[in-house]
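The values are calculated or read from the model by the stated rules, or taken from the named source; none is laboratory data. Keep in mind that this is a model prediction, so the values were computed, not measured. Cβ sites come from the backbone with ideal geometry, for glycine too, and all protein chains shown count toward neighbours. We work out accessible area using only protein heavy atoms, side chains counted, and drop any ligands, DNA or RNA first. Shrake-Rupley method; radii C 1.70, N 1.55, O 1.52, S 1.80 Å.
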Amino acid sequence: MAGNIWIVAEAWRGQVSEITFELLALGREVAGQAGAPLEAVLLGSNARELAQKLGAADSVLYADNAALADPVPENFATALAQLIKEKQPAAVLVPLTNLSVDVGVVLAAQLGVPFLNYCKDLKAEGGNLTATCVLYGGKMEAAVTASAKPAIIGILPGVRPVEQGRSDKAATVTDVAVTLAAPKVHFKRYLESEAGDVDITQKDFLVAVGRGIQTKDNLDLAEDLAATLGGAVCGSRPVIDQGWLGLSRQVGKSGMNVKPKLYVMLGISGAPEHVEGMKSSQCIIAVNTDAAAPIFNVAHYGVVGDALEITPALTEKIKAKKG
Amino acid sequence: MDILVLMKVVPDVVEELEVGPDGKSLDTSFLRTIINERDDHALEQALLLKDKHGGKVTLLTLDAPDIDDVLFTALAKGADRAVKICGVESVQSTQTAVKLFGETIAKTPGLLPVDLILTGVSAIDDLDGLMAAPIAQQLGWAYTGVVTQVALADKTATVIKEFAGGVRGEYEVPTPAVLGIQAAEKPPRYVPVAKVRAAMKSMTIETVDAPAVEAATTVEVQQMAKPQVTGHAEMIEGSPEEVADKICELLAKRGLI
Ligand SMILES: Cc1cc2nc3c(=O)[nH]c(=O)nc-3n(C[C@H](O)[C@H](O)[C@H](O)COP(=O)(O)OP(=O)(O)OC[C@H]3O[C@@H](n4cnc5c(N)ncnc54)[C@H](O)[C@@H]3O)c2cc1C
């Protein structure tokens, strides 16, 4: 395959994001199949030491520019577009995080190529890239060939283990220059996460409610179960959007990443954006009325049934058992 | 303050989805569609801004079965005008949808000028891109995605964008701009059926013919299938009581209670 395989490294607030290493691990495999070098691209301001951590790549391009200090996607996209035109990579792998997705879509728009979205796996075969993409909230998967030059591909979190993309090897870093004009959009400030009543990332027991819980009043069922277990209630996006739970209780892409001992899911379908925040939980029990809900491919134990009936029954049994 | 809201429908995943005879796309024979949830939030955000600042909210969609219900519901909620692009297939790649919307916005008299174009940040069928950024690119406007709050002042929108872990960022975006809405500041409003019926009687949906656009060819679906499951949950069966008993047992066995 002509051209390098690129991964766009994500650094945020002074740290390399974990997903960067996941992309390095995937990129390593794809580059091997394509017989092409793996190159990481890091954009930032005074962030050169972070480039050193990307030793899993054959080489690292580092662009330093004051305009890359703040998360302004347009600047990052413009910088990448310049480098792409100069270096002609075969493919550009972009992390599908809320931070980087805008870089990917603006970049693709600037270059006039599609942005291949929701990619959960990627391989190079016969001079082509074939991506496995997750569609319809996890209910279907598509094998997709991307022949655009370059192919801009959004990679879902969790594509490979983080450790697989870390390396003790010092990276070979090349400094590259980018020219950035004043962006249209101005970053003003960060708004920190609201000081929550509980820190769900610290809880051993979580009861997670989704849209299937149906009403705010039904949250009491989950609260009772959580109290009985000695844990807390958290939720999926629709529950937060409805205002039934605060932002600090959201699990997933925009919310928290949790790894409790027990994660009980009541009426959550298992969309990729939710799953990325809870898939490392030690024991996952999902209750869902839909036997085909994607969450049953993730959970350790599943119940096809009505959460409104099962939850109170479970609470009573646990109470009785605990005495 | 005038706002254009771009909406599309997506397959309703509450229904069972099947792969069609070509093995590459959804079986559309029994497909039920609903408005893209994020577009519904984009509509709500537009209506909230209208409540505050006045102005007009115009809806633009691609024609699809049941789209009139979506549009009349939106009109009943307070949108002023609804336009659908006719002569298109009901399932579109996002790239093609972008071209259809972009050309229609540029060429249909009376759709522009607006202060903002709002659309959902993404949809569950967005395989080959997201809508908002390329439309902003075509128009030469500013763009921000994953937006959860919008405040409008003269020539500037102050928007909140969501990152991870509850951290958000505040941005100043010059208008006109295209925003990809993640969530409106309030849950989408409810509208009684009677009001929707009234809108059906008193309001009309305008139509425009689809512009001729080339379909994108660099992203090609070779095969579509239900996810191959690497692991499947061990299923627990029985009445709620029995299920509760079994879960209790396994929690005890794992030392969790
Ligand atoms: C940029 C972006 C970021 C996002 N970030 C997040 C995030 O951080 N966290 C997050 O959760 N989502 C996030 N989402 C949204 C995500 O895509 C899904 O829309 C969301 O996770 C769906 O939530 P849900 O499973 O509760 O609802 P649904 O998908 O509507 O599922 C409801 C489920 O409940 C079941 N059900 C119905 N009634 C019952 C009953 N009585 N008993 C049991 N089951 C029942 C149904 O079968 C269904 O499976 C994000 C989306 C985007 C675009």
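Do we have any residue at all in segment A:220-242 that's out of contact with any helix residue (DSSP H, G or I) (no Cβ under 8 Å at 6 or more places or on another chain), away from every other protein chain (no Cβ under 11 Å) and either more than 24 Å from B:ILE257 (Cβ to Cβ) or in contact (Cβ under 8 Å) with a residue 60 or more places away in the chain (or both)?
no
Conditions (1) open to solvent by less than 50 Å² (accessible area, probe 1.4 Å); (2) within 16 Å of the ligand (Cβ to nearest atom); (3) more than 24 Å from B:LEU130 (Cβ to Cβ); (4) not small (Gly, Ala, Ser), marked per residue:
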position	(1), (2), (3), (4)
A:ALA131	yes, no, no, no
A:TYR136	yes, yes, no, yes
A:ALA146	yes, no, no, no
A:ASP168	no, no, yes, yes
A:LYS184	no, no, no, yes
A:ILE200	yes, yes, yes, yes
A:ILE213	yes, yes, yes, yes
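Just to verify a result, which residue in segment B:103-123, among those that are small (Gly, Ala, Ser) and surrounded by 15 or more Cβ atoms within 10 Å (Cβ to Cβ), is nearest to the other protein chains (Cβ to nearest Cβ)?
Among residues in segment B:103-123 that are small (Gly, Ala, Ser) and surrounded by 15 or more Cβ atoms within 10 Å (Cβ to Cβ), the one nearest to the other protein chains (Cβ to nearest Cβ) is B:SER122.
Do you know which of the residues in segment B:1-52 that are basic (Lys, Arg), assigned to a helix (DSSP H, G or I) and away from the ligand (no atom under 16 Å from the Cβ) is farthest from A:GLY138 (Cα to Cα)?
B:LYS52
Residues are listed down the side, and each one gets a yes or a no for (1) in a loop (DSSP other than H, G, I, E, B); (2) within 9 Å of chain A (Cβ to nearest Cβ); (3) surrounded by fewer than 17 Cβ atoms within 10 Å (Cβ to Cβ); (4) modelled with pLDDT under 95:
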position	(1), (2), (3), (4)
B:VAL191	yes, no, yes, no
B:ALA194	no, no, yes, no
B:LYS201	no, no, yes, no
B:GLU206	no, no, yes, no
B:THR217	yes, yes, yes, yes
B:GLN228	yes, yes, yes, yes
B:ALA244	no, yes, no, no
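State which residue pairs qualify: first residue in contact (Cβ under 8 Å) with a residue 60 or more places away in the chain and inside segment B:87-112, second residue open to solvent by 50 Å² or more (accessible area, probe 1.4 Å) in any location, beta carbons under 6 Å apart, and separation of 6 or more residues or different chains.
Cβ pairs passing all conditions: B:GLY87/B:ASP209; B:THR96/B:ALA215.
What's the number of the condition A:ASP217 fails, among (1) touching a residue at least 24 places away in the same chain (Cβ under 8 Å); (2) open to solvent by 30 Å² or more (accessible area, probe 1.4 Å); (3) part of a loop (DSSP other than H, G, I, E, B); (4) more than 13 Å from the ligand (Cβ to nearest atom)?
Failing condition for A:ASP217: (1).
What number goes with the only condition from (1) farther than 30 Å from A:PRO312 by Cβ; (2) not assigned by TED's automatic domain parsing to the domain that holds A:GLY14 that A:GLN214 does not pass?
If we test A:GLN214 against (1) farther than 30 Å from A:PRO312 by Cβ; (2) not assigned by TED's automatic domain parsing to the domain that holds A:GLY14, just (1) comes out false.
Identify the residue in segment A:236-260 that is small (Gly, Ala, Ser) and over 16 Å from the mean Cα position of the chain (by Cα) and, among all such residues, is surrounded by the most Cβ atoms within 10 Å (Cβ to Cβ). Lay out the reasoning, then the answer.
Kept after step one, since they are small (Gly, Ala, Ser), are these residues of segment A:236-260: A:236, A:243, A:246, A:248, A:252, A:254-255.
Imposing the further condition that a residue be over 16 Å from the mean Cα position of the chain (by Cα) reduces the set to A:243, A:246, A:248.
Details: A:GLY243: 11, A:GLY246: 14, A:SER248: 20.
That would be A:SER248.
Is it true that B:ILE160 is modelled with pLDDT of 95 or more, within 8 Å of chain A (Cβ to nearest Cβ) and in contact with an Asp or Glu (Cβ under 7 Å, 6 or more places away or on another chain)?
Yes.
For segment B:85-102, name all the residues that are over 24 Å from A:TYR136 (Cα atoms) and open to solvent by 10 Å² or more (accessible area, probe 1.4 Å).
B:CYS86, B:GLY87
Return the residues of segment B:1-57 that are open to solvent by 20 Å² or more (accessible area, probe 1.4 Å) and of a type in the set (Asp, Glu); say none if nothing qualifies.
B:ASP2, B:GLU15, B:GLU16, B:GLU18, B:ASP22, B:ASP27, B:GLU37, B:ASP40, B:ASP51
Out of the residues in segment A:261-280 that are surrounded by fewer than 24 Cβ atoms within 10 Å (Cβ to Cβ) and part of a helix (DSSP H, G or I), state the one that is farthest from the ligand (Cβ to nearest atom).
A:PRO272
Across segment B:107-155, what is the total count of residues that are within 15 Å of the ligand (Cβ to nearest atom) and assigned to a loop (DSSP other than H, G, I, E, B)?
Of the residues in that region, 10 qualify.
Yes or no: B:ALA183 hydrophobic (A, V, I, L, M, F, W, C), part of a loop (DSSP other than H, G, I, E, B) and in contact with a His (Cβ under 9 Å, 6 or more places away or on another chain)?
yes
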